[in-house]
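**Q** Please find one structure pasted underneath; my questions will follow.
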Amino acid sequence: MLQAYFESIKYVGHLLPISLLRIFVGYFYLQQALADWKMRILSNSNVSDLIIDALSSDKMPYWYRIFLSEHVIPHWNVYAFILVGLQLAVGLSYLIGYVVRPASIIGLFLCLNYIAIGSSQQELFFRMMIACQVTFMWVGAGRCLGLDYFFYKRYRGIWW
Amino acid sequence: MMGKINGKLLTSLLLIFFLSPVVIILYYFKINLDFPIDDFILAFKNSLIQSLATAGICLLGSVLLVPGLSRVKNKWFASMMAASLLPSLLPSIFTILIIFSYFKTFPFGHTGIILIFTMTYFGFSTVALYRAYQALVNRYAGVIDIYNVSWWDRYLKIYLPLLKQDLVNIFLIIMLGCFSSLSVPLLAGGGRGANVELLIYESIYINGQWATASLVAIIQIFLMLGLGFYLNQNRISVSARTPSIIYDFKKMNFSFIIFFIYTATYIVGYFFQVVQSFFKVDLKQLYWAEFSQALTHSFLLSLFSISIFLALSTAIIYLHYTRTRSQFLMYFLLPSSTVVGFSLYLFFPEKSSLVRELIKVSLGLNLIYFLALYKSYIQPQFSSIQSQMDVCRIYGLNFSTALRQVISPQLKSSLVISMQILFLFSFCEFALIKAAGSQILFSGVFMERLISTYRLEQGFIYSFIILCAVFLFFRITRFFIHESY
Amino acid sequence: MRQFILYMTGIFSILFLLYVYREDSQQLNDQSSIKIYASGSFISSWGPGPELKTLFEKQTGLKVSFIEMSDPGITLQKVSFSAEDATGDIVLGLDQFDIARFTEKVRWKDISHLNTISQSIFISSGLNLNELKNSDQFMKFIPYDWSAISFVKRSDSNYQINSLPDLLQPNLKSKIAFEDPRTSSPGLQFLLWVASTQNEDQAIQFLKDLNAHAHSFSPSWSTAYGLFKNKNADVVLSYITSPIYHLVEENDSNYQALEFSEGLPVQVEFMGLLASCKNCEAAQKFISFVQSKDGQRIIMNKNYMLPMDKQITEGTAFDTLRVFKLLDFKVYSKEEINKWLRIWSDIRKNDG
């Protein structure tokens, strides 16, 4: 598997720039996950305040507003845990290039959430992130400098 | 990835795992060889007498009853077989009280101990031998019928030699149970009853010599190992299970009646105590909140224990798959709950979360019971599966695929039975849990707490409720097994 | 897809374990709660632990958490290894034999200044604890409850047992359930009772005769009492407060504790404060609370042991307990205890 990791540069080298971007985005997600873990989970700070502030945003779809107020806010600690888990999963996936295509779908979903509850200044950044993740998903960015190459050689298929 | 794991490394890890309790205690304590050797010889002699006699009587009885039992089919049969396992699974105080109630003057001494042990293990040995016998009959009966071999010759000259491995395994398991019992020899033994487990107990509580206790436990293991090795010299392979051949079944015969009397003796005594308890106890005195918490924790414990059991089974199957020498692992049966429990208590932090406690206790349960369950239910299947695994390996099939598609379907029922037994132990075990200093309340500990504070009646009632819950679980998982008991 | 699901499961499992570990660390680092080692029966819902905890927390605002102690020997062994990292603050439920045998490996704080119950109160209970003053080892522990060991029989049985030799009457052969001194505290009490009331040769002979005469020597009190309740035995070695339990909980007054002319041995339970305590001041408050009237009342009603202050029993079922002749509380050394246990082991081994 390790051999395939480096071999991929030779055979799928045209994806190298995208892979480097992928690794950088993965590092970003990991950092976010660690920060959120320390701030939201370990110190038990109340995430629901943030969500309540975001409820007043006009960008948010009505059905999403109902979902947040009725399901997420009462159980904010569970959702905070899930969110950190998803960030960690996406970050690690991008970093090592493993199951990048499914992870980028999750990343897409995360970014959409951030757009909905974030401020307008952050909106451009998250749109850029969505674009990056769509690209990762389209080209299969895990195949270069990633473990996906090993599985792609053996199994082929849409997920690698 | 599994294919690349070094079999030898895995064997070493498993060896470390099974010997870890002793290693942990020896790490903390200095060995003191100053224990009286004649005490040890007397204790070992007593243990040997009690366990050999019990195992011999149980097996002899089982050997005589099993052929008759295999010709019986009625609606009570499966329930009776399941009920006959109760004495070996319930806390020993219940068995002691039930048996004592049948005697005006109980024969204390070796006789009394052997009587209680036989009552405890006879059901287990019969059920275990019955299952093994059924598998053989299904495979060979057709061929034997053609040669018109008489029933007695068939049993003595064909089936019994093929059952030798099973007989050895059952013999060893009963011996192990007798060796590791403290309450029964102490209570029923009179003066001569002192056994090795009591010696371990005395080393710990009277002399404060944990390392000596561990050493005695190791000697116990090696002596059992030697005995097992000697008995295992002429291994004969046992066939895998095949679908039943239709027989001319009877509703009842002499073997069935004898076995029914044995089971009824215990069950009637037990139910009598339960019914008496229901009448004596005020329902308000039943601590439902604590009990339901204990049940939930025991259920979680069973899940953890089963997961570890499956992981260990997979590791050993892998060793078989890669033909790594690992047979010696099968003899590291650790009988002493006190030694295992205390080593876990030393190793894990004291105050911890639910998950850590569950991991601790489930490791302890597997340390004590895994090898016994593996040898009883899974290992007998290997002789037929081994050739299939060799073929898979030769054709380049990786281990996970072979496990999923070839091995698991054949081992499924054995694994399920082992898991069911482990499930039951998770609900009834208390000696190990107490010695391990678990801070989480489990149902076995809850029962023991009741019994140790005047509340024997509540103990009986809760034991009955636990058994009902476990029985329900067995029924739910029964569809995994192709044939009934 | 399967690999992705496995990957996600792995990530969340690791995160969950980290989350749980973090809870662990928080609990362990929780300096505000007092951690108390106590037996399972003490901390169960029918024991005194929960009520003591509730009342103490209400009165002081300090948190209490219990750590179940399966056995004092095992627990103190672990505490001795953990040294300053030991988790607990207070140890409850040590009797005089546990203190003699197991406490020397552990360092204890001196809490003698917290002992609020005076000697005069002990005497009103009939309890003479003078010997505690002569023992440095016991100075670090405070008694919080006690009971005398005796034999319990059903009131409608007509056995006449007034002294230890009466136990060897022919009509009592195979009728008395004992506990084995090696594995049971009441059994050990009985062994030393015999040793203290007779000279060594007489005591050994008595034990040999008893060995052949008893119904059984159970590994624990619960097994012996179970045999008695099941009517396998007619008399059992137990506590003088056992009939009170049946009277209060079962409304059954058919049980009776027996008086002995030699006097009955007493078992006293002590509490100690570990030198490695993390919350020492709060722990000292709890120790004082246990000795208060409220604390003593709870322990008496739930533990079925007698309080240190006899006045607490007034107006309760414990007040109906007759006044027994008691032996003076004696401090045995570890060597003496082990000597008699070895004598007992030899007697048992050479039986028959």
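The values are calculated or read from the model by the stated rules, or taken from the named source; none is laboratory data. Here the structure is a predicted model, which is why all the values come from computation and not from measurement. Heads up, the Cβs are rebuilt from the backbone with ideal geometry, glycines too, and the neighbour counts pull from every protein chain shown. Accessible surface areas use protein heavy atoms only, side chains included; no ligands, DNA or RNA. Shrake-Rupley method; radii C 1.70, N 1.55, O 1.52, S 1.80 Å.
**Q** When the range B:345-375 is examined, which residues are found to be of a type in the set (A, V, I, L, M, F, W, C) and within 13 Å of B:A431 (Cα to Cα)? Step through it out loud before you land on a result.
**A** Here is the first cut: in the range B:345-375, the residues of a type in the set (A, V, I, L, M, F, W, C) are B:346-348, B:354-355, B:358-359, B:361, B:363, B:365, B:367-368, B:370-373.
Result: B:V361, B:L365, B:I368.
**Q** In the set A:I105, A:I115, which member is more than 21 Å from C:F16 (Cα to Cα), within 11 Å of another protein chain (Cβ to nearest Cβ), assigned to a helix (DSSP H, G or I) and among the hydrophobic types (A, V, I, L, M, F, W, C)? Talk me through it step by step, then tell me what you get.
**A** Numbers: A:I115 fails: within 11 Å of another protein chain (Cβ to nearest Cβ).
From the options A:I105, A:I115, the qualifying one is A:I105.
**Q** Of these, C:Q256, C:Q267, C:Q284, which one is within 28 Å of B:Q273 (Cα to Cα) and among the polar types (S, T, N, Q)? So that I can check it myself, show each step before the final result.
**A** Working: C:Q267 fails: within 28 Å of B:Q273 (Cα to Cα); C:Q284 fails: within 28 Å of B:Q273 (Cα to Cα).
Answer to the check: C:Q256.
**Q** Right, next: Across the range B:73-95, what is the number of residues that are of a type in the set (A, V, I, L, M, F, W, C) and either more than 28 Å from B:F464 (Cα to Cα) or within 17 Å of the chain's Cα centre (by Cα) (or both)?
**A** Here is the first cut: in the range B:73-95, the ones of a type in the set (A, V, I, L, M, F, W, C) are B:76-78, B:80-83, B:85-86, B:89-90, B:93-94.
Still in the list and also either more than 28 Å from B:F464 (Cα to Cα) or within 17 Å of the chain's Cα centre (by Cα) (or both): B:81-83, B:85-86, B:89-90.
Total meeting the criteria: 7.
**Q** Is there any pair linking a residue in the range B:450-474 that is basic (K, R) to one that is surrounded by fewer than 17 Cβ atoms within 10 Å (Cβ to Cβ), with Cβ under 8 Å and at least six apart or on different chains, and which?
**A** These pairs meet every condition: B:R455/B:Q285.
**Q** Can you pull out the residues in the range A:63-82 that are in contact with a helix residue (DSSP H, G or I) (Cβ under 7 Å, 6 or more places away or on another chain) and within 14 Å of chain C (Cβ to nearest Cβ)?
**A** In the first step, residues of the range A:63-82 are kept if they are in contact with a helix residue (DSSP H, G or I) (Cβ under 7 Å, 6 or more places away or on another chain); the result is A:64-65, A:68-69, A:72-73, A:76, A:79-81.
A:Y79, A:A80, A:F81, listed by residue number.
**Q** Given (1) at pLDDT 90 or above; (2) open to solvent by 30 Å² or more (accessible area, probe 1.4 Å), where does C:F270 come up short, assuming only one miss?
**A** With (1) at pLDDT 90 or above; (2) open to solvent by 30 Å² or more (accessible area, probe 1.4 Å) applied to C:F270, the lone miss is (2).
**Q** Take the range C:223-254 and flag every residue that is of a type in the set (S, T, N, Q), farther than 22 Å from C:F318 by Cβ and part of a helix (DSSP H, G or I). I'd like the intermediate steps shown before the answer.
**A** The initial filter retains those residues of the range C:223-254 that are of a type in the set (S, T, N, Q), namely C:223, C:230, C:232, C:238, C:241-242, C:251, C:253-254.
Then drop every residue that is not farther than 22 Å from C:F318 by Cβ, which leaves C:223, C:230, C:232.
Result: C:T223, single match.
**Q** Further, regarding this structure: Could you list all residues from the range B:105-114 that are facing chain C (nearest Cβ under 9 Å) and within 25 Å of B:Q276 (Cβ to Cβ)?
**A** First, the residues of the range B:105-114 that are facing chain C (nearest Cβ under 9 Å): B:105-106, B:108-109.
Residues satisfying the conditions are B:T105, B:F106.
**Q** Next question. In this structure, is B:F399 at pLDDT 80 or above and either at positive phi or of a type outside the set (S, T, Y) (or both)?
**A** Values: at pLDDT 80 or above: yes; either at positive phi or of a type outside the set (S, T, Y) (or both): yes.
Spelling it out, B:F399 is indeed at pLDDT 80 or above and either at positive phi or of a type outside the set (S, T, Y) (or both).
**Q** Taking the condition farther than 18 Å from B:F347 by Cα, touching a strand residue (DSSP E or B) at 6+ places or on another chain (Cβ under 8 Å) and either open to solvent by 30 Å² or more (accessible area, probe 1.4 Å) or not hydroxyl-bearing (S, T, Y) (or both), does C:L55 pass? Show your work before the answer.
**A** On the way: farther than 18 Å from B:F347 by Cα: yes; touching a strand residue (DSSP E or B) at 6+ places or on another chain (Cβ under 8 Å): no; either open to solvent by 30 Å² or more (accessible area, probe 1.4 Å) or not hydroxyl-bearing (S, T, Y) (or both): yes.
It is false that C:L55 is farther than 18 Å from B:F347 by Cα, touching a strand residue (DSSP E or B) at 6+ places or on another chain (Cβ under 8 Å) and either open to solvent by 30 Å² or more (accessible area, probe 1.4 Å) or not hydroxyl-bearing (S, T, Y) (or both).
**Q** So how many residues does the range C:219-246 have that are of a type in the set (V, I, T) and over 20 Å from B:K280 (Cα atoms)? Walk me through how you get there before you give the answer.
**A** Just the residues of the range C:219-246 that are of a type in the set (V, I, T), to begin with: C:223, C:235-236, C:240-241, C:244.
Still in the list and also over 20 Å from B:K280 (Cα atoms): C:235-236, C:240-241.
The qualifying residues number 4.
**Q** In addition: Consider the range B:458-471. How many of its residues are at the interface with chain C (Cβ under 10 Å from one of its Cβ atoms) and over 21 Å from B:V184 (Cα atoms)?
**A** Adding up the residues that qualify gives 1.
**Q** Take B:L59 and tell me if it is part of a helix (DSSP H, G or I) and either open to solvent by 10 Å² or more (accessible area, probe 1.4 Å) or of a type in the set (K, R) (or both). Explain how you work it out, then say what you get.
**A** Values: part of a helix (DSSP H, G or I): yes; either open to solvent by 10 Å² or more (accessible area, probe 1.4 Å) or of a type in the set (K, R) (or both): yes.
Spelling it out, B:L59 is indeed part of a helix (DSSP H, G or I) and either open to solvent by 10 Å² or more (accessible area, probe 1.4 Å) or of a type in the set (K, R) (or both).
**Q** Also: Does C:F178 satisfy being surrounded by 21 or more Cβ atoms within 10 Å (Cβ to Cβ) and free of Cβ contacts under 8 Å to residues at least 60 places away in the same chain?
**A** Values: surrounded by 21 or more Cβ atoms within 10 Å (Cβ to Cβ): yes; free of Cβ contacts under 8 Å to residues at least 60 places away in the same chain: yes.
Yes: the conditions hold for C:F178.
**Q** Does C:R342 count as surrounded by fewer than 20 Cβ atoms within 10 Å (Cβ to Cβ), modelled with pLDDT under 90 and either in a helix (DSSP H, G or I) or in contact with a Phe, Trp or Tyr (Cβ under 6 Å, 6 or more places away or on another chain) (or both)?
**A** Values: surrounded by fewer than 20 Cβ atoms within 10 Å (Cβ to Cβ): yes; modelled with pLDDT under 90: yes; either in a helix (DSSP H, G or I) or in contact with a Phe, Trp or Tyr (Cβ under 6 Å, 6 or more places away or on another chain) (or both): yes.
Yes.
**Q** Among (1) under 16 Å from B:T265 (Cβ atoms); (2) open to solvent by less than 40 Å² (accessible area, probe 1.4 Å); (3) out of contact with any Cys (no Cβ under 7 Å at 6 or more places or on another chain); (4) aromatic (F, W, Y), which single condition is B:F117 missing?
**A** (3)
**Q** So, one more: Could you list, in sequence order, the residues of the range C:2-18 that are within 18 Å of A:V99 (Cα to Cα) and surrounded by 14 or more Cβ atoms within 10 Å (Cβ to Cβ)?
**A** Once the filter is applied, which keeps residues that are within 18 Å of A:V99 (Cα to Cα) and surrounded by 14 or more Cβ atoms within 10 Å (Cβ to Cβ), the range C:2-18 yields C:Q3, C:F4, C:Y7, C:M8, C:I11, C:F12.
**Q** Just checking, which of B:L64, B:L9 is at pLDDT 85 or above and either open to solvent by 50 Å² or more (accessible area, probe 1.4 Å) or over 30 Å from C:N230 (Cβ atoms) (or both)? Let's see the steps before the verdict.
**A** Details: B:L9 fails: at pLDDT 85 or above.
Within the list B:L64, B:L9, the selection yields B:L64.
**Q** Which one is surrounded by the most Cβ atoms within 10 Å (Cβ to Cβ) among residues in the range C:181-233 that are among the charged types (D, E, K, R) and within 12 Å of chain B (Cβ to nearest Cβ)?
**A** The initial filter retains those residues of the range C:181-233 that are among the charged types (D, E, K, R), namely C:182, C:200-201, C:208-209, C:229, C:231.
Add one more test, that the residue is within 12 Å of chain B (Cβ to nearest Cβ), and what stays is C:182, C:208, C:229, C:231.
Working: C:R182: 22, C:K208: 16, C:K229: 19, C:K231: 10.
Per the stated criteria, the residue is C:R182.
**Q** Moving on to the next point. Given the conditions (1) away from chain B (no Cβ under 14 Å); (2) touching a residue at least 40 places away in the same chain (Cβ under 8 Å); (3) over 30 Å from C:S65 (Cα atoms), report the number of the one that C:L247 does not fulfil.
**A** Every condition holds for C:L247 apart from (1).
**Q** Please tell me if C:S157 is on the phi > 0 side of the Ramachandran plot and either in the same structural domain as C:A224 (by TED's automatic domain parsing) or open to solvent by 30 Å² or more (accessible area, probe 1.4 Å) (or both).
**A** Values: on the phi > 0 side of the Ramachandran plot: no; either in the same structural domain as C:A224 (by TED's automatic domain parsing) or open to solvent by 30 Å² or more (accessible area, probe 1.4 Å) (or both): yes.
In short, no.
**Q** Another question, if that's okay. Which of (1) aromatic (F, W, Y); (2) buried (at least 19 other Cβ atoms within 10 Å of the Cβ); (3) in a loop (DSSP other than H, G, I, E, B) is the odd one out, the single condition A:Y152 does not satisfy?
**A** (3)
**Q** Further question: So is B:L365 within 25 Å of B:V23 (Cβ to Cβ) and aliphatic (A, V, I, L, M) or not?
**A** For B:L365, the condition - within 25 Å of B:V23 (Cβ to Cβ) and aliphatic (A, V, I, L, M) - is met.
**Q** Same structure again: Could you list all residues from the range B:400-440 that are crowded, with 18+ Cβ neighbours inside 10 Å, within 14 Å of another protein chain (Cβ to nearest Cβ) and part of a helix (DSSP H, G or I)?
**A** B:A431, B:L432, B:I433, B:K434, B:A435
**Q** Could we say that C:V268 is farther than 25 Å from C:F138 by Cβ and among the β-branched types (V, I, T) here? Spell out the reasoning first.
**A** On the way: farther than 25 Å from C:F138 by Cβ: no; among the β-branched types (V, I, T): yes.
So C:V268 fails the test.
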